[in-house]
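Only the coordinates and a few stated rules stand behind these numbers; no lab work does. What you see is a predicted model; the values in this text were computed from it and never measured. Note: ideal-geometry Cβ built from the backbone for every residue, glycine included; neighbour counts use all protein chains shown.
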Amino acid sequence: MKAPDFDYLRPANLADAIALLVQHDGDAMPLAGGQSLMPMMNFRVAAPGALVDLVDVAELRGVTVEDATLRIGAMTRYVDLMNDNDVCKAAPLIGMALPHVAHDAIRNRGTLGGSLALADAAAEMPAVMLVLDAAFEIAGPGGTRIIKADKFFLGHYETALAEDELITAIHIPVATPDHSFGFHELTQRHGDYALAGVAVSRTNSTYRCAFFGVADRALRVAELEAALSDGSDIADALHHLSAIDFADDTKANAATRQRLAGVALTRAIEGMQT
Amino acid sequence: MSRTIDITLTVNGESVAATVPSRINLVDFLRNTLQLTGSHVGCEHGVCGACTLTVNGETVRGCLMLAVQADGADVQTVEGLADSGRSAALQAAFTRRNALQCGFCTPGMLASAIGYIDAGGAPDRKAIREHISGNYCRCTGYQSIVDAICDLIEEARA
Amino acid sequence: MTGPATIFDKPNRYIGQPSPRADASRLLQGRGQFVDDIVLPRMLHAAFVRSPHAHATILSIDVEDARAMPGVIAIYTGADLAEHVTPYVGVLTHLTGLRSAPQYPLAIDVARWQGEPIVIVIAASRALAEDAAELVLVDFEELPAIVDTEMALDADTPVIHSEFDSNLAWERDVVAGDIDAAFADPDVQVVERKFVFGRHTGVTLETRGTVCNYDPAEDQLTVHYSGQAPHMMQFIFAKHLDLSEENVRVISNDVGGSFGIKIHTYGDEIATAVAAKLLKRPVKFIADRFESFVTDIHARDHIVEARMGVKKDGTIVGIDFDDLTGIGPFSMYPRTSAIECNQVLNLTGAPYALENYRAKGRVVFQNKTLMCQYRAVGHPIAMAICDGLVEDAARAIGMDPVGMRLRNLMSDDSYPRASATGMKLDDLSHHKALNKLTDIMNYEGLRADQATNRKNGIYRGIGFVSMIEVTNPSPMFYGIGGAPIASQDGATVRLDASGALHVSSSITEQGQGTNAILAQIAAGVFGVNLDRVKVTTGDTATTPYGGGTWASRGAGIGGEAMLQAAQALKDQVLDVAAVMLQSSVDKLDIQNGAITDLDGTLRLPLADLARTVYYRGNELPSDLNPELIATRHYRVTDFPFVFTNGAMAAHVEVDTATGFVKVLHFWAVEDCGRVINPMLVDEQIRGGVVQGIGGALYEECHYSPEGQMLNATMADYMVPMAAEMPDITIAHIETPTKTSVLGAKGAGEAGTGGAPAAILNAVNDALSPMGASIWQMPMTPERILNALDQS
């Protein structure tokens, strides 16, 4: 399983990176951590004519807190997030999710931006971003724009990014004492893709829950959140899970996934500080 | 624009200059270009952990990193760990506990173990099991590996 | 002179000791030599175009664009190679009625499983070969794919091989006593279950691979092999490539796990050898992980309808079952795809004293990956059927499962005897093993813990298995059926001028410690220090002729040959020493590398003796003919197989909300006869248990209705990883086999053979308060939830 050949490009800045993507007209892919892209290329399911390595693009790095917003550069690695005090304090949910993301060798290379741009339905970070009401800074040939997480994840490996756009940074509202967070992931083996997982926040009594590993993308269910926020029993609120089009695969069918999603949510909420 | 790239890196303390195809991954580069065959390839999709080695002091999957991405990096393989003496105590512990059988997972397992030990990991069996849970071993069933790592940490703390 | 029978009169210096392996250090230093580490001058690389379809006619193959790609040296189709290699058929005469069709290394005209190789591309690098392979155009016409085992024999199911009247490869019936009469007895309660065992595979961390090199000047083919049976492969390469056997050299060095996977005939490896012969250059082929999943043999795909009859007092009166197993489109060559079913028929119930037995086995062709022997062949199914029903019956009549076993297991003093299935048994210790097991696991304490936890809605379960395991097989396994598979093995021991011992053996090393135990036996019997023993295995040019390592035969057969060779050399050396020292052999010994008096007093270092013999023969009487090398071979003659026995237990916790199973702990009491190195045996058992847990909880090859394997990646096919695996406590009983001086039986497979049954029973024990049970493996969360739903 050797990757097909490609041109390796290493732009020094964001403008050059975007220009290369434009120039290759869909035949270039950005290379962030490579932890998802390299397997695809080794399997030859991805065969771009060029890889644009973002490692030298300084505009994609850095973690800052300003105006009650945590700003994480897209090329920030998972390991950096785990070790960053600002991140731990401003977005504790990220710290709760990260130990479940694969294994340390993957976390030493994989990046937040890369995970979000790929939008694997079983990945943790998209769900975390939905719960944190994150916004993504996007750069493209036409300039920059902001897309809210709620509008970003569209389907199976499908996002609102255009072919020649890059996520440059992730903006997350800094958590306040009103926030509490929960996270639960059901996997048969540590580090596996989730059979069902959920990230939860509760602000005063308002719930946000995002599920991952259960459908074609990370997603929230408005009716479920409303029911929980109104004080419904979790068991009653779970009926709203049927709004999700649950996935079927060799590990679990849709009915099982729905059931497991309910268990994950129940346990996530039980695990939250009151 | 290039399908071959010049890189310079340090491998096991030695400076290496090479012209590599852009597509060659790090573990294939080490094995085939530098003939450091101690690192192994098990799946080429980052799951089995056989190719785990150390780059800039951190464990990585050698199959998920391009050689060109290692330009300027400090790479350590199982051979370097042995020749420098860095893995000597771990080797002794693994030998005492028979924490290897076929030896194919061993280089990756050693890299992961050293990562745990260097980070100050506790002699906690559950934590050790979680830490090595990205390294597939078909032969040992893992217990002897956990024993060996635990032994070493306990000895060092004593 | 110390005769062989007195070797174990006193504790042996090395035999029985947990000596660390000498091989460990180079593997730990990254100095292993696996097949992919080999680089030969002018070596080329192979990649394959494989069938994407489970069943399809190959209408045409166009290689022109591929040939033009950079670095491509040659491209061969099945038709190209057919001029240079003969097909093979995986049948053996002692499996009466087994049929299979001729199989070519590359498919010709028809592809019969997804992954079957069709075209071999040889290029300057693997990457370039893959680039070219992408441009090979194969025009297929899909045919119906036979993928449902239960429908394979239906009248309207298409037959895969038109020369046969059905998809039946083999069937066999075993009958003992009168099962219908036994079950009709009003005192007898019959429990009945349908067991489904999921097809799964070995997933060796080092994939299959080979480097084949052909020297036309000597008509010599050298195959660098990652596998278990070099002499068998020597025969196969010679026969099918039309070479003299003596001109085929097969060398196995370090093997990154095999477990039976690498003991079969793979078309891609044969094709690589043919390509090397045609190109007169070394060719390397290393399977990638996807290729491994779709071509490494699969195993354990069984659907079994089984019944057990028990009296109210717990006596088992009989077992009756129908085993249907789906293989691939061919029976694997040369060991056949019928052996696994045959083992199920032969071994089910064999630990127990039962008189009535009826078993039907049917093996059916499918358009899936070929199937054949994988660690513990058939035992996981046989033990799960019987011991699953034992505990089911125990629950039905309200009897403790340990008590039920003690009532029915063959008593330890009742040997030799035969099982109902006709297996000749001796030197077993089922009762001793089970009693030791309940002791070391604190059975009563676990039951109390279970009761307490149940009150809190936590469902823990304890499950057992009492098992036997086939080891040390005689020619009855393969040789009598016409297989080129040796059932005897040889060892050569040579004293070198420096006083070191060079030993070689026809058994092979895959990490279990073959080289280590050979060294321990040689050193322990002959009398040198362990670190003075150098071991050669795996090379047909430099080792005695023999069978290799499989069916847990290495220690028992190869070890015995080494013992006898070491003893013979010792006798020969003492003959020389007696002359040199003007003493007599009954007053001398060899200890710590020197000729000594019986009390250990140093008389003459071995190096001095050896150098005199080798360099200064003039100092010796002319009628003395010193021979400092000895070779002995050994085979098992008294029994078709030498069985071991074990008792194992699993302690699990089932999360009834999710169906997840946590294995809290596992215990194994194993009687494998004399233990040569307890540390190595323990680790074999541990590894085997975890492999068995894989089959019980995680591993299954999933197929689409079109015969596509759906989970052929390491992320989708789940193997046990460290975080979920339990610690495993092991205890030994040693009932030496009387079939050899060494008295060692095999130990490599027992863990895998028994663990699935124990886990099945533990899960069902956990589920029993809910009236739920599960009879399908792997016991996935979904299946456990379904079982709970149905209760």
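At a Förster radius of 30 Å, what calculated FRET efficiency corresponds to the Cβ-Cβ distance of A:ALA255 and C:LEU710, to the nearest 0.05?
Numbers: r = 19 Å, r/R0 = 0.62.
That gives a FRET efficiency of 0.95.
For the stretch B:1-115, what are the per-bin percents of Cα-Cα distances with bins 10 Å wide, up to the bin holding the maximum?
Calculated over all Cα pairs of the stretch B:1-115, the distribution is 15, 48, 29, 7, 1, 0 percent.
Just want the ordering: C:LEU606, C:LEU742, from fewest to most Cβ atoms lying within 10 Å of their own Cβ.
In order of increasing Cβ crowding within 10 Å: C:LEU606, C:LEU742.
Under a point-charge model restricted to the Cβ atoms of Lys and Arg (+1) and Asp and Glu (-1), what is the dipole moment magnitude of the stretch B:4-81 relative to its Cα centre, in debye to the nearest 20?
Dipole about the Cα centre, nearest 20: 200 debye.
Against the longest alpha carbon principal axis of chain A, how many degrees, from 0 to 90 and to the nearest 10, is the axis of helix A:14-24 turned?
Taking the Cα atoms of chain A, the angle to A:14-24 is about 80 degrees.
Taking the Cα centre of the protein assembly as shown as the origin, how large is its charge dipole in debye, to the nearest 20, when only Lys and Arg (+1) and Asp and Glu (-1) carry charge on their Cβ atoms?
The calculated dipole for the protein assembly as shown is roughly 2400 debye.
First select every other residue whose beta carbon is under 14 angstrom from the beta carbon of C:THR752; then total the charges, Lys and Arg +1, Asp and Glu -1. Could you put the intermediate results ahead of the total?
On the way: positive: B:ARG138, C:ARG300, C:ARG375, C:ARG686; negative: C:GLU340, C:GLU469, C:GLU670, C:GLU683, C:GLU699, C:GLU749.
Here the count lands on -2.
Between the stretch C:517-589 and the stretch C:614-629, what is the C-alpha centre distance in whole Å?
So the separation of the two Cα centres works out to 20 Å.
Per-residue ellipticity at 222 nm for chain C, helices alone: DSSP H runs ≥ 4 residues times -39500 (n - 2.57), over residue total, nearest 500 deg cm²/dmol? Before the final figure, lay out the partial values.
Values: 19 runs with 210 residues, N = 791.
It comes out at -8000 deg cm²/dmol, rounded to the nearest 500.
List the lysines whose alpha-carbon lies under 20 Å from that of B:LYS126, not counting same-chain residues fewer than 8 positions away?
Once the sequence-local lysines are set aside, what remains near B:LYS126 is C:LYS662.
Using Cα-Cα distances under 8 Å and only pairs 6 or more residues apart, what relative contact order does the stretch C:278-402 have, in percent?
Once normalised by length, the contact order is 31 percent.
Given B:PRO107, B:VAL11, B:ASN135, which one lies farthest toward the positive end of the charge dipole of chain B, if we put +1 on the Cβ of every Lys and Arg and -1 on the Cβ of every Asp and Glu?
Comparing the listed Cα positions along the dipole, B:ASN135 ranks first.
With charges only on Cβ, +1 for K and R and -1 for D and E, what is the dipole size of chain C about its Cα centre, in debye, rounded to 20?
Details: 62 positive and 97 negative charges, 362 e Å.
It works out to roughly 1740 debye.
Normalised by the residues of chain A, what does the relative contact order come to in percent, with Cα pairs under 8 Å and at least six apart?
16 percent
Within 10 Å of each residue's Cβ, count the other Cβ atoms and sort C:ASP392, C:ASP296 from fewest upward.
Result, fewest neighbours first: C:ASP392, C:ASP296.
Specify which residue in the list B:PRO123, B:ALA89, B:CYS51 is farthest towards the positive end of the charge dipole of the stretch B:21-136, using unit charges on the beta carbon of Lys, Arg (+1) and Asp, Glu (-1), about the Cα centre.
Projecting each Cα onto the dipole axis, the largest value belongs to B:PRO123.
With a 10 Å Cβ neighbour count serving as the proxy for reagent exposure, in which order, fewest first, do C:LYS239, C:LYS194, C:LYS284 appear?
With the sparsest Cβ surroundings first, the list reads C:LYS194, C:LYS239, C:LYS284.
I'd like to verify something in chain C: which complete DSSP H helices, judged by Cα projection on the helix axis, reach 20 Å or more and average at least 0.0 on the Kyte-Doolittle scale?
C:379-397, C:559-580, C:678-693, C:750-767
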